[in-house]
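A short write-up of the structure that comes next.
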Amino acid sequence: MAEQSRRLFLALWPEPALAERLHQLAGQAHRDCGGRIMRQETLHLTLAFIGAVVEDRLPELLMVLGRVRVPRFHIRLDTVGHWAHNHILWAGCTEVPPALLQLAADIRREVAAIGLPVSEPAFVPHMTLLRKARTPYVPAVFEPLEWDVAEWALMASCLAPHGADYQRVAAWALD
Ligand code: 3AM
């Protein structure tokens, strides 16, 4: 019988109040840009994507991820970007906190060290708001959204017809 595997990635997950503000922003953008709005409970900032991992590799993965030590940091979400190549409209930050870059780099290094595949492209912190957006979005007024980040999580993604469902596998507090 084939071994059970789960599609894993690492992410920052916003508190419900911030997710609600982001979802409102997505709703405003949707009126101009079309596309598909991410469900509020699925909004996140991906740190690293791993992909399918068989269950018996999980203890080792949890062990190496537990070595990552990064101080808490603050993200100011103050920009809305659009990627023409994949039609994603996203919220991001013009000033990327060094600790966020360190967290993503340390996670990728630990995952690669145990021979699991981990996303290679340059890390551009973003929170996907719309998929299949037709155009960029220029908000008339945009009050930055402030985010005190205290933890990061290992998530499992389950692809479904209505979009991915996400399940929290483990989480670690920042220092
Ligand atoms: O944070 P976003 O929405 O940009 O696009 C997927 C999503 O990113 C990305 O991982 C996040 C959680 O699913 N993703 C999916 N497949 C991927 C892959 N093969 C991938 N990232 C890199 N390589």
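Can you run down the residue pairs with Cβ atoms below 6 Å, 6 or more apart or on separate chains, where the first is in region 99-113 and more than 14 Å from ARG72 (Cα to Cα) and the partner is of a type in the set (Ser, Thr, Tyr) and assigned to a helix (DSSP H, G or I)?
Note: no pairs meet the criteria.
Please specify each residue of region 118-175 satisfying the condition of being over 15 Å from LEU89 (Cβ atoms), exposed (fewer than 13 other Cβ atoms within 10 Å of the Cβ), among the hydrophobic types (A, V, I, L, M, F, W, C) and within 15 Å of the ligand (Cβ to nearest atom).
ALA122, CYS158, LEU159, ALA160 - these are the residues of region 118-175 that are over 15 Å from LEU89 (Cβ atoms), exposed (fewer than 13 other Cβ atoms within 10 Å of the Cβ), among the hydrophobic types (A, V, I, L, M, F, W, C) and within 15 Å of the ligand (Cβ to nearest atom).
Quickly run through region 29-45 and pick out the residues that are under 16 Å from ALA171 (Cα atoms) and either part of a strand (DSSP E or B) or open to solvent by 40 Å² or more (accessible area, probe 1.4 Å) (or both).
If the condition is that a residue be under 16 Å from ALA171 (Cα atoms) and either part of a strand (DSSP E or B) or open to solvent by 40 Å² or more (accessible area, probe 1.4 Å) (or both), then LEU45 is the only one that fits.
Just give me the residues in region 47-84 being among the basic types (Lys, Arg) and touching a Leu at 6+ places or on another chain (Cβ under 9 Å), in sequence order.
Residues satisfying the conditions are ARG57, ARG69, ARG72, ARG76.
Here are ALA19, ALA48, ALA52, ALA26: which of them is hydrophobic (A, V, I, L, M, F, W, C) and open to solvent by 70 Å² or more (accessible area, probe 1.4 Å)?
Going through ALA19, ALA48, ALA52, ALA26 in turn, just one is hydrophobic (A, V, I, L, M, F, W, C) and open to solvent by 70 Å² or more (accessible area, probe 1.4 Å): ALA52.
The values are calculated or read from the model by the stated rules, or taken from the named source; none is laboratory data. The model shown is predicted, which means the values in this text are computed figures rather than measured ones. All Cβ positions, even for glycine, are placed from backbone atoms using ideal geometry, and neighbour counts span all protein chains on display. Ligands, DNA and RNA are excluded from the accessible area calculation, which covers all protein heavy atoms including side chains. Shrake-Rupley method; radii C 1.70, N 1.55, O 1.52, S 1.80 Å.
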